[in-house]
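Accompanying notes for the structure given below.
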Amino acid sequence: MLPYEINGLPLHILLVHVVVIVVPLGAIMTFLGAVWPAFRRKLTFITPLVTFVGLASVPLATNAGEWLLARVNPTPLITAHAAIGDTLVPWAFGQFVLATAIWVWYRSFAAPPSQPEPPTRNLAVPDERDPFVVAETTPADSSPRAARPAGRFAGRVSRRASLVVSVVFMVLALALGTATTIRVVQIGESGAAAIWTGSFSETPK
């Protein structure tokens, strides 16, 4: 059981800072991973890990909030904040599932991008027997090119199917990330309203 009070402060007001930072951050990273291959290859499993931390922080914050709710005057604004706070778990869970799916797909299933053929150039080396006969052409870059590693099951997925899945991931990452971030903002705004509404004067004293 967590200590719901730390240094005289309710744990809830500390955990909400984790939620409002990590959950939107995970949404942004998921979208970037869906649309930016270099970003996706660089971070690998970091994006699913961040979304998992965001998902885990939500029930911790809500449980600490329930503890705090039983110890304050339950005004309508506080009750509304507690109710809307409980709706974030499905969004955070969806964000984690999507980030994990994107990572697994590009790691194991997605077809690798096609590599263009290297350009050729004429070395213009005259033949020893006839100076007007030019030797055969060779690639401009004759050094061996390392092929980008494909996923473990990439051979089973066509490039068209891979492209369709990539577009679906982009759309889902944008839609889900936007909706999740909006819900975090709504919850945070309701919490701020519950704390500050009627607690200060509009004119200085």
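Quick note: the coordinates plus some simple rules give every number you see, no bench work behind them. Bear in mind that the values here come from a model prediction, so they are computed numbers and not experimental data. Cβ sites come from the backbone with ideal geometry, for glycine too, and all protein chains shown count toward neighbours.
Non-local amide H neighbours of Glu5 (under 5 Å, H modeled in plane, Pro and chain starts lacking H): which ones?
For Glu5, the qualifying residues are Leu11.
What number, in percent, do you get for the relative contact order of the range 1-104 if the mean sequence gap of Cα pairs under 8 Å and at least 6 apart is divided by its residue count?
About 36 percent, as a whole number.
Grab the Cα-Cα distance for Phe200 and Arg156, subtract it from 0.36 nm times how many residues apart they are, and report the gain in nm with one decimal.
Full-extension gain reported as 9.5 nm.
Which ³J(HN,Hα) values in Hz, rounded to whole numbers, follow from the phi angles of the range 66-78 under the Karplus curve 6.51 cos²θ - 1.76 cosθ + 1.60, where θ = phi - 60° and Gly and Pro get x?
Karplus-based 3J(HN,Hα) across the range 66-78 equals 5, 4, 5, 4, 6, 10, 10, 6, x, 6, x, 5, 5 Hz.
Given R₀ = 30 Å, FRET efficiency for Ala56-Ala179 by Cβ-Cβ distance, to 0.05?
Calculated value: 0.90.
Applying 1/(1 + (r/R0)^6) with R0 = 22 Å to the Cβ-Cβ distance of Ile28 and Ala192, what FRET efficiency is obtained, to the nearest 0.05?
Here the calculated transfer efficiency is 0.50.
How many nm separate the modelled label positions at Glu5 and Ala80, each set 7 Å beyond the Cα in the direction of the Cβ?
Once both label points are built, they end up 2.9 nm from each other.
Please give, to one decimal in nm, the separation of the simple spin-label points placed at Val164 and Thr87, each 7 Å out from Cα toward the Cβ.
The modelled label-to-label distance comes out at 3.4 nm.
Can you figure out the FRET efficiency of Phe45 with Ile13, using R₀ = 35 Å and their beta-carbon distance, to the nearest 0.05? Provide the component values of the computation, followed by the final result.
Values: r = 31 Å, r/R0 = 0.89.
Step by step, r from the Cβ atoms, then E = 0.65.
If a/c stays under 1.5 just call it rounded; otherwise compare a/b with b/c (prolate if a/b is bigger, oblate if not). Do that for the range 46-90, with a ≥ b ≥ c from the square roots of the Cα gyration tensor eigenvalues.
Numbers: a/c = 4.61, a/b = 2.44, b/c = 1.89.
Here the range 46-90 falls in the prolate category.
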